[in-house]
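Notes follow once the structure below has been shown.
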């Protein structure tokens, strides 16, 4: 029987500092699967394309304009040919053995339509940071329910993989969203089926002050609430719980975003 084909999409724009490491983390995966890696570059001018072209024999590179990150991912997903799908941003990286674990989990759980796993956080140099956030998200993931996911997005995007049939049912990312397009997709997934959670690290999320999440977390959570309203039932109590939970998370973000040494 032919091994399962996994398609990974990487959107990229001017990430020469990290794109080599990110791409290698995908291309160096080994196991009982076939790999398709599609890199969607929006027209980098910082040397990223030279890095990517060095790997042209092992990945598919598309260079051209897009309407933002979600649109770039959608362009890649439309081209993808795998039975299993996911995306890894150009400043994040997969953990060794991640795709073999993903392929194995889907084989062992034919009923599962999507899964995610633990996601360590790393800094610009690749050193682990904020381990408590990873532990907290894992604890929340173990007790998954649709209401819990509405209250808080504990699913780490770079660890999510899904069967093509699920995407065929719910559609692609909403590219009108700038920050919470992944959260919107998870909520659409969750209405069809609960995720399988793997207790092992699948990918590492890179957090740094100028990253999209690091610099724009206030806007991110404002959009997060708008996505919540799309999917939540008309419950004043649930809306209040969401606002309180978001306020607590924003407080934590303000603390962890302060430069070292500042009060």
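Do we have any residue at all in segment 14-22 that's under 30 Å from residue 110 (Cα atoms), in contact with a strand residue (DSSP E or B) (Cβ under 8 Å, 6 or more places away or on another chain), in contact (Cβ under 8 Å) with a residue 24 or more places away in the chain and surrounded by fewer than 16 Cβ atoms within 10 Å (Cβ to Cβ)? Give the derivation first.
Residues of segment 14-22 under 30 Å from residue 110 (Cα atoms): 22.
When the remaining residues are screened for being in contact with a strand residue (DSSP E or B) (Cβ under 8 Å, 6 or more places away or on another chain), the result is 22.
Narrowing further to those that are in contact (Cβ under 8 Å) with a residue 24 or more places away in the chain: 22.
Then keep just the ones that are surrounded by fewer than 16 Cβ atoms within 10 Å (Cβ to Cβ); that gives none.
No; the residues of segment 14-22 include none that is under 30 Å from residue 110 (Cα atoms), in contact with a strand residue (DSSP E or B) (Cβ under 8 Å, 6 or more places away or on another chain), in contact (Cβ under 8 Å) with a residue 24 or more places away in the chain and surrounded by fewer than 16 Cβ atoms within 10 Å (Cβ to Cβ).
Just one of the listed residues (168, 123) is over 26 Å from residue 52 (Cα atoms) and surrounded by fewer than 20 Cβ atoms within 10 Å (Cβ to Cβ), namely 168. No other residue among 198, 172 is within 16 Å of the chain's Cα centre (by Cα) and over 23 Å from residue 139 (Cβ atoms) apart from 172. Taken together, the criteria place residue 67 among residues that are under 23 Å from residue 174 (Cα atoms) and in a loop (DSSP other than H, G, I, E, B). For segment 48-64, the criterion of being surrounded by 19 or more Cβ atoms within 10 Å (Cβ to Cβ) and under 18 Å from the mean Cα position of the chain (by Cα) is satisfied by no residue at all. Annotation note: Cβ proximity below 7 Å between a residue of segment 47-74 that is free of Cβ contacts under 8 Å to residues at least 24 places away in the same chain and a residue that is in a loop (DSSP other than H, G, I, E, B) and buried (at least 17 other Cβ atoms within 10 Å of the Cβ) (sequence gap 6+ or interchain) occurs for 65/42.
Buried (at least 17 other Cβ atoms within 10 Å of the Cβ), under 15 Å from the mean Cα position of the chain (by Cα) and under 15 Å from residue 196 (Cα atoms): is that true of residue 76 in this structure? Walk me through how you get there before you give the answer.
Numbers: buried (at least 17 other Cβ atoms within 10 Å of the Cβ): yes; under 15 Å from the mean Cα position of the chain (by Cα): yes; under 15 Å from residue 196 (Cα atoms): no.
Considered against the rule, which asks whether it is buried (at least 17 other Cβ atoms within 10 Å of the Cβ), under 15 Å from the mean Cα position of the chain (by Cα) and under 15 Å from residue 196 (Cα atoms), residue 76 comes out as no.
Within segment 140-153, can you find the residues that are within 16 Å of the chain's Cα centre (by Cα) and surrounded by fewer than 21 Cβ atoms within 10 Å (Cβ to Cβ)?
Taking segment 140-153 first, the residues within 16 Å of the chain's Cα centre (by Cα) are 141, 149, 152-153.
Passing the criteria: only 152.
We did not get these values from a lab; they are worked out from the coordinates using the rules stated. Note that this is a predicted model, so its numbers are computed, not measured. Cβ: placed from backbone, ideal geometry, glycine included. Neighbour counts: every protein chain shown.
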